[in-house]
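Contents: one structure, followed by commentary.
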Amino acid sequence: EAQVTQNPRYLITVTGKKLTVTCSQNMNHEYMSWYRQDPGLGLRQIYYSMNVEVTDKGDVPEGYKVSRKEKRNFPLILESPSPNQTSLYFCASSHLAGAQDEQFFGPGTRLTVL
Amino acid sequence: GIQVEQSPPDLILQEGANSTLRCNFSDSVNNLQWFHQNPWGQLINLFYIPSGTKQNGRLSATTVATERYSLLYISSSQTTDSGVYFCAVEPETGTYKYIFGTGTRLKVLA
């Protein structure tokens with residue numbers, strides 16, 4: 001089954017404790033992206049990747065890191081989480097943007113930083 | 001940067017009613033998608049529609065790229081249509097970023 005998976009689905013952590021949210025897709029998509037969703041603000045793009053070793057900032061990259069060492073995986077790293085990073089996070093993938101293909105989203109990761 | 005506005009922000013319908021949701025964008029786009037976020041938070045693709053008209057069952061969408069808007073039509077609404085509807089655009093800037101509207105929250109009453 002074609003899908004985007006994220007882990008963990010729920011996470012409660014404390015300020016400053018490094019964490020990684022994993023994202024994996026099995027559709028051989030070139031493009032992968034991370035979003036955060038906050039009440040009243042819709043979804044905002046954090047980082048995106050055009051292919052292996054090619055990443056770029058979205059609209060809200062501060063406090064986040066990403067890596068794309070393999071085509072199927074695109075982990076989101078919070079080196080020193082803070083309470084303002086409490087949010088619902090989504091990973092998405094598609095064939096290369098600009099090739100006019102639709103994005104598919106993972107199930108979301110609800111993160112709470114205390 | 002590009003602005004994406006959706007209207008109305010909230011909508012309450014009786015089951016069986018029809019509705020039209022609108023997405024306005026302030027600049028040219030390469031890509032436009034409509035999504036439904038169900039009450040469990042899952043984002044479901046509805047349409048990939050940078051231009052033209054598409055239909056899928058009770059839902060249809062039209063994008064008029066030259067006038068910078070897209071419409072999502074829901075006919076004979078059902079309670080399972082409840083949730084938030086988002087449009088998302090990829091601006092025609094070559095950056096491959098995506099910008100989401102703030103959504104239309106729909107509640108369908110039985």
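The values are calculated or read from the model by the stated rules, or taken from the named source; none is laboratory data. If you're wondering where the values come from, they're calculated on a predicted model, not measured in any experiment. So basically every Cβ, Gly included, is an ideal-geometry build from the backbone, and we count neighbours across all protein chains shown. To get the accessible areas, we keep the full protein, side chains included, count just its heavy atoms, and leave off ligands, DNA and RNA. Shrake-Rupley method; radii C 1.70, N 1.55, O 1.52, S 1.80 Å.
Data table
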quantity	calculated
Condition met for B:PHE25 (more than 11 Å from the chain's Cα centre (by Cα), under 27 Å from A:VAL54 (Cβ atoms), among the hydrophobic types (A, V, I, L, M, F, W, C) and at pLDDT 95 or above)	yes
Check on B:ASN31, closer than 22 Å to A:PHE90 by Cα, out of contact with any Phe, Trp or Tyr (no Cβ under 7 Å at 6 or more places or on another chain) and not aliphatic (A, V, I, L, M)	yes
Selection from the range B:34-59 of residues that are surrounded by fewer than 17 Cβ atoms within 10 Å (Cβ to Cβ) and of a type in the set (S, T, N, Q)	B:ASN38, B:GLN42, B:ASN45, B:SER51, B:THR53, B:GLN55, B:ASN56
Some residue of the range A:54-72 being facing chain B (nearest Cβ under 8 Å), at pLDDT 95 or above and over 13 Å from B:TYR98 (Cα atoms)	no
Filtered residues of the range B:87-110 (kept if touching a Ser or Thr at 6+ places or on another chain (Cβ under 8 Å) and either open to solvent by 20 Å² or more (accessible area, probe 1.4 Å) or of a type in the set (Phe, Trp, Tyr) (or both))	B:GLU92, B:TYR98, B:LYS107, B:LEU109, B:ALA110
Exclusive hit being within 14 Å of chain B (Cβ to nearest Cβ) and in contact (Cβ under 8 Å) with a residue 24 or more places away in the chain, set A:LEU111, A:LEU76	A:LEU111
